[in-house]
Ligand code: DHB
């Protein structure tokens, strides 16, 4: 079985979309809901609708993609309304709402509305969008992370997790988890895209995307070792009550198996879902089922976090 549990919520399947991928419109979201995925997360919302950055703003290559979308979204109410409708029409599935204010005040105002609403799912507070010009990634400013979480947990009582950027130094894992462990987080989602990479076309001698002079977040196979390292390093340091969602570089069932071995309870698919669409969850489910059968594992709890060292 591919079932999983996260923060006390049960999911039929341990895989789902990553925020931002095929989840910006109600049509996209319905496609995810009707897929084999065990849950869905909505496009990171801001209080008001946004057009995002100028196009072209996303380009795929063989090993992954670069994007600098700039938070184009239909606004907070659109996604909350969708999720509230889902609770009525499909009450058996628990979903996630992603929010990404461009200021602390915006995040707090959205969280207050979630708190006062009938939303019964989980909230993902995105601390790692790399693509809004002039707005640094909160997750790289540890004092800001502490400031945000203190302000949030002063009033927010529903299950909440944070989406983190990738870290690259073991001392940074010690520092971020010392902060995260002070709060009643339901989960941590790691990783967002590897921020501010650059993809170029040597033939035309030009960058591939227009915003920010071509710099953008990298996803796909390029980032899998970084994603696995982040899931593993967080799993080794976070309070056991804080679940981990593993995200980054998933193209096949073995990639999902690896994320779970490193400690993930749920695994999100971004770039490759963008390439293949929601039917990818059929293939991934079949692949992971076969891998588990071949290894003699009945459930993901049998191998979650059990990566061996030499
Ligand atoms: C966008 C990109 C991200 O990586 C993210 O976490 C949120 C928003 C974007 O560019 O829209």
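The values are calculated or read from the model by the stated rules, or taken from the named source; none is laboratory data. From a predicted model like this one, the values you see are computed outputs, not experimental measurements. Don't worry about glycine lacking a Cβ; one is built from the backbone with ideal geometry, like all the others, and counts go over all protein chains shown.
Please work out which residue is surrounded by the most Cβ atoms within 10 Å (Cβ to Cβ), limiting yourself to region 4-21 and to residues that are over 13 Å from the mean Cα position of the chain (by Cα) and in a loop (DSSP other than H, G, I, E, B).
In the first step, residues of region 4-21 are kept if they are over 13 Å from the mean Cα position of the chain (by Cα); the result is 4-14.
Subsequent filtering for residues that are in a loop (DSSP other than H, G, I, E, B) retains 7-8, 12-14.
Values: 7: 17, 8: 10, 12: 14, 13: 21, 14: 30.
Result: 14.
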Problem - Which numbered condition residue 44 misses (of (1) surrounded by fewer than 19 Cβ atoms within 10 Å (Cβ to Cβ); (2) within 13 Å of the ligand (Cβ to nearest atom)) - result: (1)
Fill in the blank from the handout: Matching residues in region 168-190 (touching a residue at least 60 places away in the same chain (Cβ under 8 Å) and buried (at least 22 other Cβ atoms within 10 Å of the Cβ)) number 2
Problem - The listed residue being buried (at least 21 other Cβ atoms within 10 Å of the Cβ), within 18 Å of residue 114 (Cβ to Cβ) and either at pLDDT 95 or above or within 14 Å of the ligand (Cβ to nearest atom) (or both), out of 35, 39 - result: 39
Exercise for the section: Kindly indicate whether any position in region 75-89 is within 20 Å of residue 189 (Cβ to Cβ), in contact (Cβ under 8 Å) with a residue 40 or more places away in the chain and within 13 Å of the ligand (Cβ to nearest atom). Expected result: no
Fill in the blank from the handout: Scanning region 92-106 residue by residue, those within 16 Å of the ligand (Cβ to nearest atom) and either farther than 21 Å from residue 130 by Cα or out of contact with any helix residue (DSSP H, G or I) (no Cβ under 7 Å at 6 or more places or on another chain) (or both) turn out to be 96, 98, 100, 102, 103, 106
Completion exercise
Restricting region 140-166 to residues that are in contact (Cβ under 8 Å) with a residue 40 or more places away in the chain and within 13 Å of the ligand (Cβ to nearest atom), the one surrounded by the fewest Cβ atoms within 10 Å (Cβ to Cβ) turns out to be 166
